[in-house]
Each structure stands twice: as C-alpha cells, then as structure tokens.
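Read the structure below first, then the notes.
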Amino acid sequence: MIDVADVKKSYRSGERTVEALRGVTCTIPKGRFAFIVGPSGSGKSTLLYLMGALDRPTSGQITVSGTDLTAMTEAEQNVYRRDHIGFIFQAFNLISNLSAVENVLIPYLPRGITPELQARAVELLTQVGLGGRVDHRPYQLSGGEQQRVAIARALIKNPEVVLADEPTGELDSKSGDEIYRILRRLQAERQTTLVVVTHDRRFITPSDLVLEIQDGLLKVHESEREHNLSEAQV
Ligand SMILES: Nc1ncnc2c1ncn2[C@@H]1O[C@H](COP(=O)(O)OP(=O)(O)O)[C@@H](O)[C@H]1O
Ligand SMILES: [Mg+2]
C-alpha cells in the first residue's frame, strides 16, 4: 500500500519557486492498478517520483508498505529503490550497447549475474513476447519492443511496486495497446501495485483507481466525496 499524506513539493529555479505539489493526500491499496492523470505540468511525474523515492517531498510523508520513504537518508533511498521499485519511463532508458537480456539484468550488474538471474531475464523476455530477441540491441528493436524490455527490467527484482511515467507516450497506438495488455497481465499474475502516469485516458478501465491532479492538487470526484461523507457518518 502506498500512503501519501499532505505532500508538498516545491522546486527552486533561480529566483522563482515552483510549487509542483501543494498538499496531496491519497492511498493506493496493494495490488491495485492506479492511474495518475491530469494536464501537462500539473505535478504527475513529481508525485510518481516521490512514490519511488527518486526525490523527497518538501513536506508531508510517504510510506510504502509501512516503510517511511521520507525518513530515509539518500543512501537508504538508493538501496530501497534498487530492491523494491520497478521504473518504466517514457523514453525506455535502455543502454544502447547492451543486448536486450543485458538491459534486463542492469539492476544486478553491480552485484554480478548468476546463471539463475540470466535464466530469469530470458524467461521475463519470453513473457513479454521477446524470447526470440534476447541478443538484440535496442536499435534492432521497435519502440514497443524496447518498452517491453524495459518492463522486463522493471520486473526482474520482483518489486512490490512498479511505477510507469507515460509508458506509451512515444509509441503508436497498436504498440501502446500491447504494452497495456502486458502490464495488466503481469500485474494480475504478480499482485504488483502498479501506478501509471498518463494523459491518455483510453487505457483506463472502470476497476482502476484514478487520481486526477490539477495544479498540484488532487481533484476529488463527486462520487468519492459522497462516499467519504457516508463513511464519515458511520
Ligand atoms: N527539477 C525541477 N526543477 C524545477 N521545476 C520542476 C522540476 N521538475 C518539475 N518542475 C516543475 O514542476 C511542475 C510539475 O512538473 P511535473 O511533475 O513534471 O508535471 P507533469 O508530469 O504533470 O507534466 C511543472 O511546473 C514543472 O515545470
Ligand atoms: Mg510528467
């Protein structure tokens, strides 16, 4: 479960201070498929990166499965991220002179690759439909295939949380459909908590949790307000 409590984040840029998040409170239950939606510049990526301990809030608290990310030192955050969070970025972020399977193994390169890990990486690539492409370099793969390598890389550590920032933003709609099919299947199989930033609402289904953000604040929907009210009256 991801718990965000009154999180504010401001950035200093020269003389100006940008208030990217102005007090966000939300809970994403374990195993949910959640979306963060909203206009460009509204704070979506900022919120996602804070959930992944890539940065820390100016104030407020974020806990993931009971672990307080905001109480960690930077070194602790690095280890936490490495072991617990899978990231998928819009631009795939693969290393161009490594093969697909080597890219999947990136999180383990500093610690050494065992035959078990090697086999797991190949298995994950097979699961995302790239079993026949394990030795291809990124330039030999389409955009959709590169993003599938990035999904396998995010999953190799079996993270309880996977965070994706506009994962289909650079893909044509057919490849985008394929990416969501894979994400949904893997999420259902592994009970991963999956948080996806997008401005494409086409991929949202009625059972998903939708966090709508605008100007650094969450918009509360009518139905939720009524729900919160009726809960408060119990
Ligand atoms: N590292 C940064 N330094 C300064 N300003 C930033 C930085 N990151 C984001 N911002 C600003 O914070 C606001 C929210 O950005 P972001 O979270 O990236 O929005 P979104 O992902 O919804 O497009 C924007 O005004 C953006 O310019
Ligand atoms: Mg963004």
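The values are calculated or read from the model by the stated rules, or taken from the named source; none is laboratory data. Note that the structure is a prediction, hence the values are computed from the model and not measured. Positions of Cβ are generated from backbone atoms using ideal geometry, with glycine treated the same way; all protein chains shown enter the neighbour counts.
For region 46-74, a residue qualifies if it is among the small types (G, A, S), surrounded by fewer than 19 Cβ atoms within 10 Å (Cβ to Cβ) and at pLDDT 95 or above, and the qualifying residues are S59, G60. Kindly provide the set of residues from region 8-43 that are more than 16 Å from ligand 2 (Cβ to nearest atom) and at positive phi, ordered by number. Those that are more than 16 Å from ligand 2 (Cβ to nearest atom) and at positive phi: G14, G23, G31.
Over 22 Å from L94 (Cβ atoms), among the hydroxyl-bearing types (S, T, Y) and modelled with pLDDT under 95: does that describe S207? So S207 fits the description; yes. One residue stands out in region 147-189 among those that are of a type in the set (A, V, I, L, M, F, W, C) and more than 14 Å from the chain's Cα centre (by Cα): the one that is surrounded by the fewest Cβ atoms within 10 Å (Cβ to Cβ), namely A188.
Note on region 79-114: residues that are more than 30 Å from G176 (Cα to Cα) and under 20 Å from the mean Cα position of the chain (by Cα) total 1. Among the residues making up region 1-38, those that are touching a strand residue (DSSP E or B) at 6+ places or on another chain (Cβ under 7 Å) and over 16 Å from V195 (Cβ atoms) are A5, D6, K8, K9, S10, Y11, T17, V18, E19, A20, R22, G23.
Remark: A5 falls outside the filter, which requires a residue to be over 13 Å from the mean Cα position of the chain (by Cα), touching a residue at least 40 places away in the same chain (Cβ under 8 Å) and within 16 Å of ligand 2 (Cβ to nearest atom). The single condition among (1) free of Cβ contacts under 8 Å to residues at least 40 places away in the same chain; (2) under 27 Å from T126 (Cα atoms) that R32 does not meet is (1). The residues on offer are A91, A121, and the sole one that is surrounded by 12 or more Cβ atoms within 10 Å (Cβ to Cβ) and within 16 Å of ligand 1 (Cβ to nearest atom) is A91.
Checking V79, V101 one by one, the residue that is in contact (Cβ under 8 Å) with a residue 24 or more places away in the chain and either over 19 Å from L163 (Cα atoms) or not charged (D, E, K, R) (or both) is V101 and no other.
The requirement of being closer than 19 Å to V210 by Cα and surrounded by fewer than 17 Cβ atoms within 10 Å (Cβ to Cβ) is satisfied by S40.
With respect to the stated conditions, L125 fails to be touching a helix residue (DSSP H, G or I) at 6+ places or on another chain (Cβ under 7 Å), touching a residue at least 40 places away in the same chain (Cβ under 8 Å) and of a type outside the set (D, E). Screening I2, I85 for residues that are surrounded by 14 or more Cβ atoms within 10 Å (Cβ to Cβ), among the β-branched types (V, I, T) and touching a Gly at 6+ places or on another chain (Cβ under 6 Å) leaves exactly one candidate, I85. Exactly one residue out of T193, T114 is of a type in the set (S, T, Y) and under 11 Å from G86 (Cβ atoms), and it is T193.
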